Each structure stands twice: as structure tokens, then as C-alpha cells.
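**Q** Once you've had a glance at the structure underneath, I'll fire off some questions.
No lab work stands behind these numbers, since they all come straight from the coordinates. As the structure is a computational prediction, the values presented were derived from the model and not from experiment. Neighbour counts run over all protein chains shown; Cβ positions are idealised from the backbone, glycine included.
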Amino acid sequence: MVRLLDQGVYVLHGDEAVPDGPQAAAALRQAGMETTVQNARRGTMAHAILTAHDQGGAGQQLRIRFDALASHDITYVGIIQTARASGLTAFPVPYVLTNCHNTLCAVGGTINEDDHLFALSAAKKYGGIYVPPHLAVIHQYMRERMAVCGGMILGSDSHTRYGALGTLAIGEGGGELAKQLLGRTYDLAPPDVVAVRLSGSLRPGAGPQDVALAIIGAVFASGFVKNKVMEFIGPGIAGLSVDARNGIDVMTTETACLSSIWATDDAVRAYYALHGRPEAYRPMAPAPVAYYDGLIEVDLDAITPMIALPFHPSNVYTIADLNANAEDILAGVEADARRALVGTDVALNLRGKLRDGRLMVDQAVVAGCAGGSYENIAAVADILRERGVGNGALSMSVYPASQPVYLQLVESGGAAALMQAGVVVRSAFCGPCFGAGDTPANGALSIRHTTRNFPNREGSKPGEGQLACVALMDARSIAATVANGGALTAATDMPVERTSPVYAFHGGVYARRVYDGTGKPDPGTQLRFGPNIADWPRMPALTDDLLLRVDSFITDPVTTTDELIPSGEASSFRSNPHRLAEFTLSRRDPGYVNRAKATRAWEQARQAAQNPAAQEPLAGVYKKLAEAGAALDPARVGVGSMVYAYRPGDGSAREQAAACQRVLGGWANVAREYATRRYRANLINWGILPFILADEAPFAAGDYVLARGLLAALAQGRQSVRAYAIGKTVVPFTLALPGLTGEEGKILAAGCLINYYKS
């Protein structure tokens, strides 16, 4: 299905691949296309778009300004508050504020709707676009109204992907959007570009999620496309509808890539025309010869229905293989879960769901930016037409991605077919993707066409003895499974008469409800605050020497942002830094918050000239350092907490994974590597030093680390600092700080992005 070529490759005319090597020059000469690698790199679509948006990078850095920004109601308050504290007067580009995450207003009284009205007032004051709750999920609105061929969009959600529509879109933490609002740039080295060549066509019953999971399963573990751009080319694109392309594209986030872009064609032209924006289209393709840093070959003919078992989208099997080897596969998943759920009193029991060798599911959901498209839901209606969900515990919910999609389902009869089958049809909402909607029963397995299946993404609370789990599947096989009484079933095994209804876009839904103040700020508008909307606390500037207590020590292979700051009900408190910080690492390391607060109290005492170093345990730490030849003046040494993890930051873009550590007095992460560029950027923007330690840690939980000469190192662009681990003994070692730009060094020295802009 998927084959990887881990070397440079020339692609001729957007299709023929010529691996780089001794034979490449001869092949290019024969084709009349002699060139250099450097010139051929400029032939990618990604290079053309990035270059067009570069504001004149210095040296090897691109300095990007985006055409539009997008945030939802978990992130926009913090972004606007950050920019406002740094001098925001008006949104310089179209900025879309959607309300698709904290939509239910079911937690914490009025606080979610307070956030929504804050956003409306901000859209009026600064000149933005406000999309009310239930109208559209963030990425569907951006597809329908904001994507343009050759454009760039930055969103504060990791699944910001509109590549199938010719837009190179990137999901980042809120600090990067705040920079754009303040006229600054998004700075990065030119990324590697990997070609994804599609050939063949999907068989009936296979869908976009099957393609996406096959790719994720092939590339994630090796980091094949980590922080790179995936560029989709090849003859297989033509046989995919635009809905299918969007469904594959949005899941590229789960590969850990930076972004994605696709060749466009008449199908994309028709999409833009249908949505009343024909001017947004232009044909896009790589140059006749383009050089890529790797190649992914995807044979669509060979794609078969897939399933991603708990607890990651890369834990992929074909449904056929799982049905044939259920005992062995599920035993392995349960063993992995025991490691993922360490510290809790719950265990995953998937083998207990086997009946006559078939895995039985308890719930089905099709929703959000990945599952809630018109074609996906229409396919579900076709499969369940004349079939029922049943009268038992099995349930199914469908969430159209926007009100225009919902309205067309009503007009085409799809919604009626679903309801008659016992499916609950809801409004546009991202809740099932992050654990705030359709939480199943304890011990239940939910199959979902959504984006992620991390722990707690279904809303359970393992720390409180409640455990459910999610497996990701395509909407078609989800419907087939429901039609088969909950027994895991591939849609290719269930012949269905397909109605293939034509889609009509009802743009009047937005015209009569969305507030669009782009380019029309009203400075006289007062921002509307609620009791849960709080300013960021004061963040101290960095000191030259820093004493860190190891307040969390995590040795899991990967630590997700969901573990650093959980999704679900915690999302309601994301406008209040102090309340949200109470959830930091709550599922992975429940004692972290209290330990970090104790460390923060020492720094607060130091700033008040109360000298906490005169008392234990700090007195003993400074004594050991003096005996080791590292005598210090405690009044000049900052004290903060530190998190150690092998590979933190996989998953969501949300900046709170870093910001909450900072609110609790965090000053550093130490990692073997960072799972994503965006998490590392979040750390920097919140003044948390992103140290790298490739060797085994010379410290343990509860030990101390002294990092020396930080301000000088940042000012001089040095890549490492001297450090000491203080446990039973004092061990000198080196902490690396690779790849920092000059501005990133200044942000860290200032203590955070807000401080930097204020100064």
C-alpha cells in the first residue's frame, strides 16, 4: 500500500520519480532536463509558496507572513490577551475566531459563553471574523471561506491543513499567532519537502481515513516526514474527490509533518466555484523537474479498510488482519496500554470484547474536520439506510462539519435516513475529537472517524478509575460495523447501493450569521470580559544562573501535549491561566502541580529578598555546589521547576502545554528531542528553556540542576551551557541549546514573549 524511499529524488512532470544518484544525471539528460539539486529544489510547490510569503529572511531563515489566521474558543482568548498586552491595535490580516470546541457550555457555568462574547467583541474592536457556536468547525469554515490556491494560513490548532485546496497551512501555538497580529514574522529554516505520489484509485468501501491511517502507520515511528512538508502529486489525485483529499490532508498532522500541499485540478476549480469563490483557484503543480528529500509511494488500489487501535493514530492495522489475529494483536495493545497508563488503577481489556473471534464495539462517532464532510456522512446514510443501530447499548452519533453541510444533508434526505436508522445527528462540534462530547461508558470501545485516539480523547478519566478508549476508522467501515450489530466490519465486505447525492453549498447560512469585520476595526468597542477571563501573571526575566528542581521525570517514549495539559473538561478553563495550570500533568504525574508550586514559592521568596537559600533543602544544595567549586550568590540565581521527558510535545498545538508550566514557575524542559517544532516554539515563547540532553540523565526526580551562564550563551548564540546535577553528589555535564535564532534567544532572556514585546 505504502512504500518509502528515504533519499533524494527528482520528479519529472509531477509523476516520474528518478532517485538521486550516479544514474540520475544520465536520466535527466535523456529527458532533456539537466539541472542541479539546488535549482530543482525550487521546483516544488512548497518552495514557491514559501518564497512568495518570505519577508526577506537573513541567511538560512525564512521570515513568513501569513494571508490569514484562525483560532477556536480554546485558544483565541489567550492569543488576543497576549497580543493585547504587547500593544495590539488592529488585526493586520483576516483573523477567524470560531466557536467549535467549548460549544456545549456544560462546564463551569457561564464561562464558555463568556469566551464566545469576548471573541465577538474582539472581532468588532480589532476587525476580525466571528463564527458563532454550532455553525462550523474551524477547519471546515476555513476550507469553505478562506483557503486560496498559493496562499498560507496559520492556525492555533494542530490540524490546520488546507493543502488539498492549494493552501499551505500550519498549526502552531498561540504565541506564533500573537507575533503575526503584532506584525512580526514566523521564522524557520527552509523545510525539507517529501513527495507523496498517489497512484491507482480507491475500491468501493475504502475511504480517506483508510488512506491517511496507512500513511501515518508507515511514517510516524521513524520520523520520516517530521517537520517536513508533504507534497501530494501523481495520477491518483484525479480519482479522489475534494472531500476525500481534504480528509486525507487534515490527518497529515499525525505524521508530525510541518504542513502539506497538493497539486490542484479542475475538481478544485469546481470546489471554489461551488463555494462562490472562483477567483481563489489557480492550477498548481510542481515544475517539470523538482527535487524532493524523500518519496512516499501510495498505491490507492491496494488500500484496504484500516483501524488505529489505542492509543495513537500510528497504531495501525488492516481490519482484515485484526479480525484474523485479534487475540495476539489486542494482547499487544493491552501491554502498551499498561505502560501508557502507569500510575493509574485502570487497565485496558480489549480481549474481553471478543465474541466468536470478532471485536465488538460499544459506540460509533463520525465528526469534525476529518469525519464530518458531506461525502463521509452521505456514505454512512447509504450503508445504514434500511438498517438500524439497534435497541441495545451500541450507539452512533454524526456531527456534520458545518451548517451548510447539515442543510444539504437535510435537503438530500441523508439526515432523514440517518435519523430513521437510529443515528443521532448533532450540530458542528469538535468535542468528540478531544474528549468533550459523547463520552462512552467505563470500559467501552468507541470507533470514530475523528483525528486522534490518545488517552482521554474520548472523555474518560483514567486517574479517577474511569477508562474508555477510541479506535480510529473511516466513516464507511464505522457504518458497516454498526450495521453488523457492532462486530468490527470492513465496508468493503458489505455491498451497498450508493446514492452519490450531489452537494450544493448554502452560503446564506454564513451571510446571515457570521460577523465579518475584516479591515473595519472599531477601537471604541469595549472588550467583553467574564469572571473566568484572566490576564497572564507576571513572568520574571531569566537570570544568568538558574537552579532547577526536577519536578517531573518522564521516561515514556513519547509524551503528548494531552498528557502535559489534558483536553476535555480542562478546556473550559483555558481563558484562566491560574485555574488551567491546576490540570498540568494531572493525568501523567498527579503530584507535579504541588511540587512545582513549592519550587515557585522559593523563587517568589527570592524576588522578595527573603533568601530561601538559607533554609533546607536549598541550603544543602548551595553547600554541595560550593564544595564542588561552584559557589554562587543565591540572591542572583533564579529558582524554577523543570520537566524531563524523552520526547515531549506530540499532538496538539495548544500553547497551554508550555504556558501552564510557566505559570507554575517552570523554567526549563530537558529532552532527548522534541516531538514537534510547535511544542518547542511554545516553550520558547513562554520563556521555558528547551534543553537537549542526548545522553542518559545524570539526575533523577527530585534532584536539582544548575545551569550557568545562560544570558551570555543566549546573547552570543552558543549552542550549550555548563550544568551541574545535584543529587547525592554533584556531577558536571553539558546541556545543549541547539538551533536558537537571535530573536528566540532574546525572548528567553526576557522571560517570555509578552516581556520581550513590552521591552
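**Q** For the range 545-758, what are the per-bin percents of Cα-Cα distances with bins 10 Å wide, up to the bin holding the maximum?
**A** It works out to 9, 37, 39, 15, 1, in whole percents.
**Q** What translational D, rounded to a whole number of µm²/s, comes out for the range 572-679 from Stokes-Einstein when the hydrodynamic radius is the Kirkwood one over Cα pairs, at 10 °C and 1.306 mPa s?
**A** 103
**Q** Further question: Rank the residues 482, 93 as a footprinting-exposure proxy: fewest other Cβ atoms within 10 Å of their Cβ go first.
**A** In order of increasing Cβ crowding within 10 Å: 93, 482.
**Q** Quick check on packing: order 278-286, 530-538, 658-666 by the mean number of other C-beta atoms within 10 Å, highest mean leading.
**A** 658-666, 278-286, 530-538
**Q** If packing is taken as the average count of other Cβ atoms within 10 Å, what order do 602-615, 23-36 fall into, highest mean first? Could you put the intermediate results ahead of the total?
**A** Values: 602-615: 15.5, 23-36: 12.8.
Averaged packing, sorted descending, gives the order 602-615, 23-36.
**Q** In addition: Considering only DSSP beta bridges with both partners in the range 65-187, what is the antiparallel share in %, to the nearest 5?
**A** Beta bridges within the range 65-187, antiparallel portion: roughly 5 percent.
**Q** With the dipole of the range 545-758 worked out from charges on the C-beta (+1 for Lys and Arg, -1 for Asp and Glu) around the Cα centre, which of 756, 656, 578 lies farthest toward the positive end?
**A** The Cα lying farthest towards the positive end belongs to 756.
**Q** Of the lysine pairs in the chain, how many meet both conditions: Cα atoms under 19 Å apart, and a spacing of 8 or more in sequence or different chains?
**A** 8
**Q** Same structure again: State the extension gain, in nm to one decimal, for the chain segment bounded by residue 17 and residue 338, taking 0.36 nm per residue of separation less the distance between their alpha-carbons.
**A** 111.2 nm
**Q** Next question. Report the charge-dipole magnitude of the chain in Debye, nearest 20, computed about the Cα centre from +1 at each Lys and Arg Cβ and -1 at each Asp and Glu Cβ.
**A** Values: 67 positive and 71 negative charges, 374 e Å.
The dipole magnitude comes to about 1800 debye.
**Q** Return P(r) of the chain (all Cα-Cα pairs; 20 Å bins starting at 0; whole %; ordered from short to long distances).
**A** For the chain, the binned pair fractions read 17, 50, 29, 3, 0 percent.
**Q** In square nanometres, what is the average projected area of the Cα convex hull of the range 74-120?
**A** 3.6
**Q** Sticking with this one: Starting from the exponent 0.38 and prefactor 2.2 Å, build the expected Rg for the range 161-275 from its residue count and divide its actual Cα Rg by it.
**A** Cα Rg divided by the expected 2.2 N^0.38 Å: 1.13.
**Q** Another question, if that's okay. When the expected Rg is taken as 2.2 N^0.38 Å, what fraction or multiple of it is the alpha-carbon Rg of the range 306-493?
**A** 0.98
**Q** Also, quick follow-up: Just for the chain, what percent of DSSP beta bridges are antiparallel, to the closest 5?
**A** On the way: 43 of 104 bridges.
Rounded to the nearest five, the antiparallel share is 40 percent.
**Q** Which percent, to the nearest 5, of DSSP beta bridges fully inside the range 545-758 are antiparallel?
**A** On the way: 16 of 36 bridges.
Percentage antiparallel, nearest 5: 45.
**Q** Follow-up question, since we're still on this one. Provide the gained length on full extension for the span residue 719 to residue 631, in nm with one decimal, where the gain is 0.36 nm per separating residue minus the Cα-Cα distance.
**A** That pair, residue 719 and residue 631, stretches by 29.3 nm at full extension.
**Q** Quick check on the exposure proxy: order 16, 375, 743 from fewest to most C-beta atoms within 10 angstrom.
**A** 16, 743, 375
**Q** Order the peptides 620-632, 175-187, 69-81 from the highest to the lowest mean number of other Cβ atoms within 10 Å of their residues. Please report the intermediate quantities before stating the final value.
**A** Working: 620-632: 15.1, 175-187: 21.8, 69-81: 26.8.
Result, highest mean Cβ count within 10 Å first: 69-81, 175-187, 620-632.
**Q** Okay, next question. Among 587, 672, which comes first, second and so on when ranked by fewest other beta-carbon atoms within 10 Å?
**A** Working: 587 23, 672 16.
Sorted ascending by nearby Cβ count, the order is 672, 587.
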